[in-house]
Amino acid sequence: MDALEAVWARRSIGRLSEPAPSSEELRLVLAAAAAAPDHGELRPWRFVVLQGAAKDGFGRVLADALLTRCRAKGVAPTDGQLCKERTKLGRAPLVVVVAAVRRPSDTIPWEEQFAAGAAAAQNALIAATALGYGSMWRTGEVAYDDEVKGALGLAAEDAIVGFLYLGTATPEVAKPSRRPDLAGLVEHWEPPG
Ligand SMILES: Cc1cc2nc3c(=O)[nH]c(=O)nc-3n(C[C@H](O)[C@H](O)[C@H](O)COP(=O)(O)O)c2cc1C
């Protein structure tokens, strides 16, 4: 699949099945992520792979973090909400957390380091698509939760750019390639006067 075909073919697939990318394919996906543009070559990335029993364990982290958030608001989560947190990583056989790790720099602002993280995430999705896998980039409250960041070895000042769900899109859930309409999105600027 060429690069543009992969760009059109990447779609968010909410529920992905086995097989997941093999370990060799995962290495390609992560190498593609680490090939993203990165101002100053700070390498402000961390990729955390959640697979197998680790997904179950991390589901418990997500449920505990929901409990903490609810306690802080003086409310109690329902059993259904807790169960959803515990099991949400089951929506794909493999999840990669892409984090932007804040590097000290006088010249490269944090926004650009975060942007490099987002570029890495997109590279990973395109690589997974080119290898024939389905994917979905997810965030939600968990991405901004310091307890979740801590469980990943991140500091509160770092950022979870996304949870990348990877696996196989069965024909029932697959979505067609799509080439966006540019109407209203593009202007060719000209100097005034
Ligand atoms: C930063 C970011 C966070 C996202 N978080 C979520 C999410 O938490 N839940 C969700 O359903 N989709 C999430 N998405 C996926 C978008 O909803 C999806 O890309 C959009 O609907 C367009 O569909 P497509 O990916 O098939 O083109 C996220 C996308 C980005 C870039």
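The values are calculated or read from the model by the stated rules, or taken from the named source; none is laboratory data. Remember, predicted model here, so these are calculated numbers, not experimental data. All Cβ positions, glycine included, derive from the backbone under ideal geometry; neighbour counts span all protein chains shown. Heavy atoms of the whole protein, side chains included, go into the accessibility calculation; ligands, DNA and RNA do not. Shrake-Rupley method; radii C 1.70, N 1.55, O 1.52, S 1.80 Å.
With Cα atoms defining each centre, the range 113-165 and the range 58-105 are spaced 13 Å apart in the structure. Taking Cβ atoms as reference points and 13 Å as the exclusive limit, the residues near Ser177 contribute a net charge of +3, counting Lys and Arg as +1 and Asp and Glu as -1. Computed with a 1.4 Å probe over protein heavy atoms only, the accessible surface of the chain comes to 56 Å² per residue. Packing around the peptides 115-122, 165-172, taken as the average count of other Cβ atoms within 10 Å per residue, puts them in this order, highest first: 115-122, 165-172. Across the chain, C-alpha contacts under 8 Å between residues 6 or more apart give a mean separation that, scaled by the residue count, equals a relative contact order of 35 percent.
When the solvent-accessible area of the chain is split by element, carbon and sulfur atoms take up 54 percent of it, the probe being 1.4 Å.
When the solvent-accessible surface of protein heavy atoms is calculated with a 1.4 angstrom probe, in what order do Val49, Val161 fall, highest first? Each step should come with its number before you reach the end.
On the way: Val49 55, Val161 5 Å².
Ranked list, largest accessible area first: Val49, Val161.
A cut-off under 9 angstrom between Cβ atoms defines the neighbours of Ala159, and their net charge, with Lys, Arg +1 and Asp, Glu -1, is 0. Helical content of the chain, expressed as a calculated mean residue ellipticity at 222 nm, amounts to -12500 deg cm²/dmol (DSSP H runs of 4 or more residues, -39,500 (n - 2.57) each, divided by residue number, nearest 500).
Taking every DSSP bridge with both residues inside the chain, close to 95 percent are antiparallel. For Gly90, the shell of other residues with beta-carbons less than 12 Å away shows a net charge of +3, using +1 for Lys and Arg and -1 for Asp and Glu. Of all aspartates and glutamates in the structure, the ones whose alpha carbon falls short of 18 Å from that of Lys84, not counting any fewer than 8 places away in one chain, are Asp56, Asp64, Glu141, Asp145, Glu147. By the rule of a C-alpha distance below 22 Å, with chain neighbours fewer than 8 residues away ignored, the lysines paired with Lys88 are Lys55, Lys149, Lys175.
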